[in-house]
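Since the structure comes first, as structure tokens, the remarks are kept for the end.
The values are calculated or read from the model by the stated rules, or taken from the named source; none is laboratory data. This is a predicted model, so every value here is computed, not measured. Neighbour counts are summed over all protein chains in view; Cβ atoms, including those assigned to glycine, are modelled from backbone coordinates with ideal geometry. Just the protein is used for accessible areas: all its heavy atoms, side chains included, with ligands, DNA and RNA removed. Shrake-Rupley method; radii C 1.70, N 1.55, O 1.52, S 1.80 Å.
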Amino acid sequence: MKLLIDNADIEKIKKVYEFYPADGVTTNPTILAKSGRQPFDVLKEIREFIGEDADIHAQAIARSAEGMVEDAHKIVAELGKNTYVKIPAIEEGFKAMKLLAKEGKIKFTATAVYTPMQAFLSAKAGASYAAPYVNRIDNMGYNGIEITQRIHDIFLNNDLETEVLAASFKNSQQLLELAEYGVGAATAAPDVIFSLVKNDAITSAVETFIKDFEKLVGEGKTMKDC
């Protein structure tokens, strides 16, 4: 399962990359708006940091299918290869997906996915990824993990090449369940990623090892000093 960072704050992105293996960054219009900067200034800064081999996802904003296609061309022209254009899984979005698939030049991710049927139609329209909103689905009274797993199964059972890009997480347990299930990718906020191994028992065990070693060889000393 690919692990992506759902954020546009370059300092937070750098911090995650410093400690954890990440496969790229996802953004959405709301995340970009929080920066208070021009969208492509932010996106190009992210691309420069993560490199051209990492994935970056940015959303088309136009309301019409033709406008979404134009947005898609602009996004890829600015951000280069391994750029996925997020297209909403609505009527005009499906039309845009079909147009982009026919062109065959731009990879795209179906976004704002709440139902398995949205995901299925997106896959049929040629999407590389479909992004179900796990926590938002939970908040609607359904089981976001279960819906995401069903989408994954639909893709496999119908021999569709589309993969799940699960989004909208509230805790590390949700990520773990999808990793165990083998979905294609997940994107999470930096706080969720940092919580993946945040555990007092782990920290305590490591501290005990260090203190016991220092009792043997001296405070502040490590293996290089022996």
* Asked: Just the accessible area for His73, please: 1.4 Å probe, Å², rounded to the nearest 10?
  -> 80 Å²
* Asked: Efficiency by 1/(1 + (r/R0)^6): what FRET value for Asn157 and Glu103, r their Cβ-Cβ distance, R0 = 30 Å, to the nearest 0.05?
  -> 0.60
* Vicinal HN-Hα couplings computed from phi for segment 15-26 (Karplus, 6.51 cos²θ - 1.76 cosθ + 1.60; Hz; Gly/Pro x) -> 5, 4, 4, 5, 10, 10, x, 10, 9, x, 9, 10
* Asked: How do Lys170, Lys95 rank by accessible surface area computed with a 1.4 Å probe, from largest to smallest?
  -> Lys170, Lys95
* Structure fact -> One quarter of the C-alpha convex hull surface, i.e. the mean projected area of segment 129-226 in nm², amounts to 9.2 nm²
* Full-stretch length increase - Ile90, Glu45 - with 0.36 nm per residue and alpha-carbon distance subtracted -> 13.2 nm
* Structure fact -> Any chymotrypsin sites (Phe, Trp or Tyr not before Pro) in segment 139-208 that lie in a DSSP loop and have at most 14 other Cβ atoms within 10 Å would be Tyr142
* Distance in nm between label sites at Ala33 and Arg63, each 7 Å beyond Cα in the beta-carbon direction? -> 1.5 nm
* To do: Anything over 23 Å Cα to Cα? Flag those among Lys14/Lys74; Lys74/Lys102; Lys14/Lys221; Lys14/Lys198; Lys15/Lys198, in the order listed.
  => Lys14/Lys74; Lys14/Lys221
* Computed FRET efficiency, Cβ-Cβ of Lys81 and Ile210, R0 30 Å: what is it to the nearest 0.05? -> 0.10
* Hey, if you put +1 on the Cβ of every Lys and Arg and -1 on every Asp and Glu Cβ in the chain, which of Ala89, Ile210, Tyr20 ends up farthest toward the positive end of that dipole? -> Ala89
